[in-house]
Amino acid sequence: MTDAKDPRDGQRGAFLPVLPRAAWVVLGGDFMSAIGSGLTLPCLFIYAHRVRDLSYGAAGLVVSVIALASLLGNPVGGAAADRWTPRRTLMAGLVIAAAGSALLAVARTTPALFGAAGLLGLGVSVIWPAQDALLASLAGPAARSAVFSVRHACLNAGLGLGALGAAAVVSVAHPGTFAAVYLADAASFLAFVPVLARLGSTARRASTRRASTQRVGIQGPARQERTSYREVLRDKAFLRVWALTAVIVTVSFGQFQSGFVGYATRPGGIGTHGLALAFAANMLTVACGQLFVLRWLGGHRRTTGVALAAAAWAATWAVVIIGGHLGGGAAAQTAFTAAMVIFALGESLLSPTLPAIINDLAPPAAAGRYNGLGALAFTTGFLLGPASGGLALGAGWGTGLFAVMLLACVLAAAAAVRLGRHLPAGANQITAAAAAPTVHDLVADCAALAQLRPAE
């Protein structure tokens, strides 16, 4: 598994996709950073309310500031990636996020908490489009579905490990433990920076290859020079992808940690321990099944994967509705856990699709901006989903909420199939997989990964 192998053979022969060494290094750094994020992900509301004595409303606003900062950070990060390269922009985003997390560790007042949360959100939202553009460039067109699939598996594995660490360490009775995990999170961001610094020549060569290769669906060399957001917004195929992404995220991920949580744990439902088990089942399913799903999708259209993901989420919300009428016992716990496993299947089906489509539509000089707006579509869903879910639950419409989400997922699946008619063929294909992996393949690939170094 070296760079001598053709990186376009993104899913050839073994359990792990064959990706360039530099792509594996970036994925490894992302995994390390995800562990740090997992340490703090469940903690911010509790930290603001129980440790820093903010009201429920103020603590909720502190959490929302992170998402609101993304409305600025996603497009800024995309433009910066085009102007200063994705690698440098990613490094800057990591430093900003580390500063925000470190400031959260020492923040004592309400303004300080808001400022630190905003800085963290800005850094993370700059990281997203820059890292997507960098990975797409390093992997090459045929391996893009594979690299984004692996990234999703690494992200879930890292977040899961971090959450387990937080559960073992963090205690409201010991406020210093919150400061410790935020400082650890800051360190995980900073540890990624020197790794990226060593990838300078590799990233430049990948960027040159991308610029010299005519992107699928881009007609004429003039498109190579169009780098403003105004030009991106003239791409009708991209706008269709953006709209579908925003809708899908609203009715899936947007309900995952808001509407679903409130509905499952309402009076008479399951407790927080049961909810934690359901989330653990979700993360474990993604981490273990992502690459198998990628192989199964090999040779199919990416929009088929999007449609199947939406169908899986429709099934998820159907099971959630059933679980909501089973009380708070073992039957309800089983139903909600099964729902989260099905949700994980949808995640695994989606991850090799939309980011890869966006990067195949993007001309090289505007890859950062395309990824910036692509990330903004996810951010839009993450904002609209919790808002709509919270309003529905507050009005006592829990079952109605998920009935509407189920219908919306079915319609999104149909829209995904229709989207395929408007995409260039080369932007809508997942590289065909080879034969099913064996245990020997897995062991051999893990041994090879252990020998990788950042430098070529």
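The values are calculated or read from the model by the stated rules, or taken from the named source; none is laboratory data. Because the structure is a prediction, the values reported are computed rather than measured. Heads up, the Cβs are rebuilt from the backbone with ideal geometry, glycines too, and the neighbour counts pull from every protein chain shown. Heads up: the accessible areas ignore ligands, DNA and RNA and are worked out on the full protein's heavy atoms, side chains in. Shrake-Rupley method; radii C 1.70, N 1.55, O 1.52, S 1.80 Å.
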Inter-part gap, Cα centre of region 326-387 to Cα centre of region 267-294, in whole angstrom, is 15
Give me the percent of the accessible area of region 278-329 that comes from carbon and sulfur atoms, probe 1.4 Å, all protein chains in place. 74
Which ³J(HN,Hα) values, rounded to whole Hz and listed in residue order, are derived for region 136-153 from phi using the Karplus coefficients 6.51, -1.76 and 1.60 in 6.51 cos²θ - 1.76 cosθ + 1.60 with θ = phi - 60°, glycine and proline given as x? 4, 5, 5, 6, x, x, 6, 9, 5, 4, 5, 5, 6, 5, 4, 4, 5, 5
Give the residue from Ala278, Leu239, Gly123 lying farthest towards the positive end of the charge dipole for the chain; charges sit on Cβ (+1 for Lys and Arg, -1 for Asp and Glu) and the dipole is referred to the Cα centre. Leu239
Give me the percent of the accessible area of region 366-418 that comes from carbon and sulfur atoms, probe 1.4 Å, all protein chains in place. 79
With Kirkwood radius over Cα pairs in Å defined as stated, name the option among (i) 22.3; (ii) 24.1; (iii) 23.5 computed from the structure displayed. (i)
Read phi for every residue in region 110-125 and hand back ³J(HN,Hα) as whole Hz from Karplus 6.51 cos²θ - 1.76 cosθ + 1.60, θ = phi - 60°, with x for Gly and Pro. 4, x, 5, 5, 4, x, 5, 5, x, 5, 4, x, 4, x, 5, 6
Where region 364-436 is the region considered: accessible area per residue in Å², 1.4 Å probe: 42
Report, to the nearest whole %, how much of the accessible area of region 111-150 belongs to carbon and sulfur atoms, 1.4 Å probe, protein only. 87
Please give the per residue accessible area of region 19-117, computed with a probe of 1.4 Å over protein heavy atoms only, in Å². 39
Given backbone amide H placed at 1.01 Å from N, residues whose amide H is under 5 Å from that of Gln429, ignoring those fewer than 5 places away on the same chain, are Arg302
